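A.B. asks: Handing you this structure, nothing more for now.
The values are calculated or read from the model by the stated rules, or taken from the named source; none is laboratory data. All figures in this text were calculated on a predicted structure; none of them were measured in a lab. Quick reminder, even Gly has a Cβ in these numbers, built from the backbone with ideal geometry, and neighbours come from all protein chains shown. The protein model used for the area step is the full one, side chains on, heavy atoms only, and it has no ligands, DNA or RNA in it. Shrake-Rupley method; radii C 1.70, N 1.55, O 1.52, S 1.80 Å.
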Amino acid sequence: MSTPYYHTPERRAALVAAAKSWRDTPFRENGRTRGAQGGVDCVHFLSGVHAEAGACEPIVLPDLPVEQVR
């Protein structure tokens, strides 16, 4: 079994810092822009936070029509 990526305090701190940097960003379908004037959806938030924390490469996700996700 491999060691989990977030097993060190430094890596956990990087994850928390990355997540906190998205504070005040509203939900927006297909969004991926940080900040009060931007917007992010759940998938882009999670992939962005983990990439920023160094756990994975940035993931390029296609925009989906809102009707397709509902």
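A.B. asks: Candidates (i) 0.92; (ii) 1.04; (iii) 0.99; which is the computed Rg/Rh (Cα atoms, Kirkwood Rh)?
C.D. replies: Label of the calculated value: (ii).
A.B. asks: Percent of accessible area on the chain owned by carbon and sulfur, 1.4 Å probe? Please list the in-between numbers first.
C.D. replies: Numbers: 3060 of 5150 Å².
The computed percentage sits at 59.
A.B. asks: Toward the positive end of the charge dipole of the chain, about the Cα centre and with charges on Cβ (Lys, Arg +1; Asp, Glu -1), which of Tyr5, Ala53, Ala17 goes farthest?
C.D. replies: Ala17
A.B. asks: Let me ask you something else. In Å², what does the accessible area per residue of the chain work out to with a 1.4 Å probe? Walk me through the numbers on the way to the answer.
C.D. replies: Numbers: 5150 Å² over 70 residues.
Per-residue value: 74 Å².
A.B. asks: Take Thr8 and Asp63, extend 7 Å from each Cα along the Cα→Cβ direction, and tell me the distance between the two endpoints in nm.
C.D. replies: 3.9
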